[in-house]
Amino acid sequence: MVTGKFITLEGVEGVGKTTNLNFIAEYLEKAGKSVVITREPGGTEIAEKIRALLLDHNEEKLCNEAELLLMFAARAQHVENVIKPALEKGSWVLCDRFTDATYAYQGGGRDFNMNDIKWIENFVQKGLAPDKTILLDLSVEVGLQRAASRSEPDRFESEKQAFFEKVRGVYLDRAKVEPQRFHIVDASKTVEQVQQNIASFLGQLLINE
């Protein structure tokens with residue numbers, strides 16, 4: 001049975017994930033691939049409701065432990081009802097953030113023990129992991145300026161710059177540990193330069209498929 005590829009996009013706020021996710025989808029569809037675009041947290045009816053809880057400025061403060069568990073609760077629904085079925089049908093799944101974001105935001109930003117996150121990852125995902133991860137890397141200061149210009153900040157975007165510096169650091173550390181999975185793109189370049197880089201990466205991926 002031919003299974004699809006699982007591609008994730010990661011990065012701090014304002015790196016341009018949405019724009020480039022659509023570019024990747026169009027590129028792969030032109031290459032004849034069936035593509036499913038999704039996001040985290042979210043991707044299913046229940047997971048999107050959990051997303052709202054995580055991003056909204058609620059009157060009741062969301063404790064860090066609840067945040068981490070809600071992330072994985074949404075992921076469990078997403079994996080079971082969207083990602084696995086699509087891959088089994090041979091589709092390529094493009095996901096705006098996945099578990100690397102949990103290590104970066106909850107592990108880095110919230111200072112959670114990485115081994116605890118790993119245990120929950122194993123429990124929820126049963127070995128499912130992205131085939132490739134495109135990390136759009138950008139200085140935190142520029143990323144936050146971009147994010148602020150597009151909309152009112154959500155609960156995460158309202159964090160201090162130091163929080164996002166830790167997030168970015170974990171992303172880069174994970175890319176160093178898994179260079180075969182990660183492809184780092186300099187998101188400070190123009191949209192055209194960024195997408196040229198991504199297209200070159202995807203071209204090689206398709207050749208080696």
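Each reported figure results from applying straightforward, stated rules to the coordinates on display, with no laboratory input. The shown structure was predicted, so the numbers you read here are calculated from the model rather than taken from an experiment. Glycine gets a Cβ as well: all are built from the backbone with ideal geometry, and neighbour counts include every protein chain shown.
Of note:
Table: residues versus (1) out of contact with any Gly (no Cβ under 9 Å at 6 or more places or on another chain); (2) on the phi < 0 side of the Ramachandran plot.
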{"residue": "ARG97", "(1), (2)": "no, no"}
{"residue": "TYR105", "(1), (2)": "yes, yes"}
{"residue": "MET114", "(1), (2)": "no, yes"}
{"residue": "GLN125", "(1), (2)": "yes, yes"}
{"residue": "PRO130", "(1), (2)": "yes, yes"}
{"residue": "LEU135", "(1), (2)": "no, yes"}
{"residue": "LEU138", "(1), (2)": "no, yes"}
{"residue": "GLU141", "(1), (2)": "yes, yes"}
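- Looking only at the stretch 17-43, residues that are in a loop (DSSP other than H, G, I, E, B) and either surrounded by 20 or more Cβ atoms within 10 Å (Cβ to Cβ) or in contact with a Ser or Thr (Cβ under 6 Å, 6 or more places away or on another chain) (or both) come to 5 in all.
- Check on ILE37, under 16 Å from the mean Cα position of the chain (by Cα) and aliphatic (A, V, I, L, M): yes
- Within the stretch 167-183, the set of residues being buried (at least 18 other Cβ atoms within 10 Å of the Cβ) and touching an Asp or Glu at 6+ places or on another chain (Cβ under 8 Å) comprises ARG168, TYR171, ARG174.
- Considering residues of the stretch 29-77 that are out of contact with any Asp or Glu (no Cβ under 8 Å at 6 or more places or on another chain) and among the hydroxyl-bearing types (Ser, Thr, Tyr) only, the residue farthest from PHE112 (Cα to Cα): SER34
To keep it simple, each residue is scored yes or no on (1) under 18 Å from THR3 (Cβ atoms); (2) without any contact (Cβ under 8 Å) to a residue 24 or more places away in the chain; (3) of a type in the set (S, T, N, Q); (4) surrounded by 13 or more Cβ atoms within 10 Å (Cβ to Cβ).
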position: GLU88; (1), (2), (3), (4): yes, no, no, no
position: CYS95; (1), (2), (3), (4): yes, no, no, yes
position: THR99; (1), (2), (3), (4): no, no, yes, yes
position: GLN125; (1), (2), (3), (4): yes, no, yes, yes
position: LYS132; (1), (2), (3), (4): yes, no, no, yes
position: GLU152; (1), (2), (3), (4): no, yes, no, no
position: SER158; (1), (2), (3), (4): no, no, yes, no
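- Filter result for GLU59 (within 20 Å of ALA129 (Cα to Cα), surrounded by fewer than 21 Cβ atoms within 10 Å (Cβ to Cβ) and more than 15 Å from the chain's Cα centre (by Cα)): no
- Screening ALA66, ALA104 for residues that are assigned to a helix (DSSP H, G or I), surrounded by fewer than 23 Cβ atoms within 10 Å (Cβ to Cβ) and not hydroxyl-bearing (Ser, Thr, Tyr) leaves exactly one candidate, ALA66.
- Qualifying residue in the stretch 194-202 (condition: touching a strand residue (DSSP E or B) at 6+ places or on another chain (Cβ under 8 Å) and either of a type in the set (Val, Ile, Thr) or under 26 Å from LEU54 (Cβ atoms) (or both)): yes
- Count of the stretch 112-131 residues, restricted to those that are more than 18 Å from the chain's Cα centre (by Cα) and either not hydrophobic (A, V, I, L, M, F, W, C) or not in a helix (DSSP H, G or I) (or both), is 5.
- The residues of the stretch 132-156 that are assigned to a strand (DSSP E or B) and of a type in the set (Val, Ile, Thr), listed by number, are THR133, ILE134.
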